[in-house]
Amino acid sequence: MKEVRIKRKNPNIKMFASLFRVMGILLVMESLFMLVCTSASFVAHQYLAVKSMLTGAGITLFAGILMWLPFRKRSLEIDKRTGFLIVTLIWIIFSFFGALPAYIGGYIPSFIDAYFETMSGFTTTGSSVLNDVESLPYSVGLWRVMTQWIGGIGIIVIMLSVIPFVGGGGMALFSAEVAGITKSKIAPHIRETSKALLIVYISLTLIYFFTYYLLGMSLYDAVCHAFTTVATAGLSSKNASAAAFAPQIQYAMTGFMLLSGTNILFIYSAAKGDFKEIRKSEELRVYYSVVLICVILIFLMTFSKSGNIEQTLRNSLFMVSSVITSTGLINCEYSLWPIGAVLILIMLMNSGAMSGSTTGGLKLVRMMVLFKNARNTISRGLHSNAFIPVTLNGKMLQDETIFNVFNMFMLYVISLVVGSLILVATGIGLEESVISSITSLCNMGPGFGMSAYGNFSHFSPFAKVLMAFMMCAGRLELITVYSVFSKSFWKR
């Protein structure tokens, strides 16, 4: 008798069908965002910029329809593995198409530079290759900062808010994009949660915009910096970044950066008058305590050089807020500060602000867990029979959670070392390579050395591509991206 073999469908076919269908819808969404920005140059009679924006939007729209059309009737089956692939590729592909308007119009002549700038925007990193951002047409400049706004809340979160077709795969996509040691939902269904997050995000954007405008910013600058601060990004419409604005605007920016560094679920709860979770949050208390302590230390270190109490306090408060929230806006020459103050900023770059915010870095909650576990390890060494659990907000953490935090930390360290060594091999100095790797992985923006103020135009094309990859990996908190490149991911 002949052996009958049952042919099994390759699960990768279903995965790629879901990938292309979701990717197509998202690219159509991206083209619509481009068209919104195009109106800025149309109103200002900058018709060459209108042409480049429309061309970029048209190519993106065509590519989106081409991806979606063959799979429009296919049922979506999005498991965790498919979610990781979709989320990783959409950030890479979004940046590719998002770079087209600036490249087609010749505003950024090199496509690698245009891709770097766009990836920096979508990942809310804030690094740049442009030496004169004020010369950009309104539509291109607005699209440049809108990429930050889109990336701040998350591409997938926006999609889940407005498109109902994802269904049961929504949580897989949400988990892949919104990484962390905790994932809280506002509503029972992921679509309602995404809607609520988007409403809070838009509300904050409007509050920031009207405040900036009333304090004296132009309409265009107010829009750009509302997008920048709510997304804790860093790409400014001014060559001098925040230093171009009056002290009262810098104080407003400081408050908004700190607010955006807070867990967005806490902002939602506060708006509803529910302060229960806020009152018991250890991370929130640590966040503002760290800001206060670092501001005092930097003030004491830098006051002797300036002699101006108000300016020194403002600069200290602004830069600490900008760095801990990974916003990356700059209001002073921080690279000239004493080495102690600079080291504090580097420490804050790595830690980041609260989980559940738009900020980068490792997040304070992970640093707290690592510190608590290290402290308990020392205590257990002295009292070997004692049971000393690691707690957070009064609840005991499972060993698996602590293990995952430690793994995340080790992945970050390995990524930092490897990235720094590769940058050194391209001819960049060791100090600048290390800081550039930190600023990419933590989605920070500014560096030190020649890239002190967030400009990396002097880096080689290869170095820019590497940094763009690190930005993407850092924005998705490493594991999502690295999983796709692992051998086990592609096994049936």
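The values are calculated or read from the model by the stated rules, or taken from the named source; none is laboratory data. Computed from a prediction, not measured in an experiment: that's the story for all the values here. Neighbour counts run over all protein chains shown; Cβ positions are idealised from the backbone, glycine included.
Inside the range 244-284, residues that are of a type outside the set (A, V, I, L, M), over 30 Å from GLU333 (Cβ atoms), without any contact (Cβ under 8 Å) to a residue 60 or more places away in the chain and surrounded by fewer than 16 Cβ atoms within 10 Å (Cβ to Cβ) make up a count of 7. The helices (runs of 4 or more DSSP H) found entirely in the range 217-297 that carry 3 or more residues being within 17 Å of ASN315 (Cα to Cα) and touching a Ser or Thr at 6+ places or on another chain (Cβ under 9 Å) are 247-260. Within the option set ALA425, ALA386, ALA452, being of a type outside the set (Asp, Glu) and modelled with pLDDT of 90 or more holds for one residue only, ALA425. At positive phi and out of contact with any strand residue (DSSP E or B) (no Cβ under 6 Å at 6 or more places or on another chain) - does that describe any residue in the range 320-329? Yes, the range 320-329 has at least one match.
Pairing each residue of the range 18-29 that is more than 17 Å from GLY98 (Cβ to Cβ) with any residue that is modelled with pLDDT under 85 and outside any helix (DSSP H, G or I), provided the two are 6+ apart or on different chains, yields C-beta distances under 7 Å for SER18/LEU76; SER18/GLU77; SER18/ILE78; ARG21/ARG72; ARG21/ARG74; ARG21/LEU76. Screening the range 417-491 for helices (runs of 4 or more DSSP H) wholly inside it with 1 or more residues that are free of Cβ contacts under 8 Å to residues at least 24 places away in the same chain and in contact with a Ser or Thr (Cβ under 9 Å, 6 or more places away or on another chain) returns the ranges 430-441, 461-475. One residue stands out in the range 107-124 among those that are small (Gly, Ala, Ser) and within 19 Å of SER31 (Cα to Cα): the one that is surrounded by the fewest Cβ atoms within 10 Å (Cβ to Cβ), namely ALA114. In contact (Cβ under 8 Å) with a residue 60 or more places away in the chain and within 13 Å of ARG21 (Cα to Cα): does that describe ILE78? Taking the combined requirement at face value, the residue satisfies it. Scanning the range 99-116 for residues that are in contact (Cβ under 8 Å) with a residue 60 or more places away in the chain and not in a loop (DSSP other than H, G, I, E, B) yields PRO101, ILE112, ASP113, TYR115, PHE116. Of everything in the range 335-382 that's without any contact (Cβ under 8 Å) to a residue 24 or more places away in the chain and among the hydroxyl-bearing types (Ser, Thr, Tyr), which residue is farthest from GLY454 (Cα to Cα)? Per the criteria, the residue is SER379.
Being without any contact (Cβ under 8 Å) to a residue 40 or more places away in the chain and part of a helix (DSSP H, G or I) is a property that PHE96 has.
For the range 195-211, the criterion of being more than 26 Å from GLU400 (Cα to Cα), at pLDDT below 90, of a type outside the set (Lys, Arg) and over 17 Å from the mean Cα position of the chain (by Cα) is met by at least one residue. The set of residues in the range 125-146 being surrounded by fewer than 20 Cβ atoms within 10 Å (Cβ to Cβ) and of a type in the set (S, T, N, Q) consists of ASN131, SER135. A single entry from PHE94, PHE84, PHE62 fulfils the requirement of being surrounded by fewer than 21 Cβ atoms within 10 Å (Cβ to Cβ) and of a type in the set (Phe, Trp, Tyr): PHE62. Going by what's in this entry, would ILE78 be described as crowded, with 20+ Cβ neighbours inside 10 Å and either in a loop (DSSP other than H, G, I, E, B) or touching a strand residue (DSSP E or B) at 6+ places or on another chain (Cβ under 6 Å) (or both)? So ILE78 fits the description; yes.
Within the range 411-436, the set of residues being exposed (fewer than 14 other Cβ atoms within 10 Å of the Cβ) and hydrophobic (A, V, I, L, M, F, W, C) comprises VAL413, ILE414, VAL417, VAL418, LEU421, ALA425, LEU430.
Of all residues in the range 354-363, one or more are hydroxyl-bearing (Ser, Thr, Tyr), outside any helix (DSSP H, G or I) and within 17 Å of MET470 (Cβ to Cβ).
In this structure, PHE94 qualifies as within 16 Å of the chain's Cα centre (by Cα) and closer than 15 Å to PHE33 by Cα. Residue count for the range 383-398 under the criterion of being of a type outside the set (Lys, Arg), under 25 Å from ILE278 (Cα atoms) and either loosely packed, with under 11 Cβ neighbours inside 10 Å or in contact (Cβ under 8 Å) with a residue 24 or more places away in the chain (or both): the result is 5.
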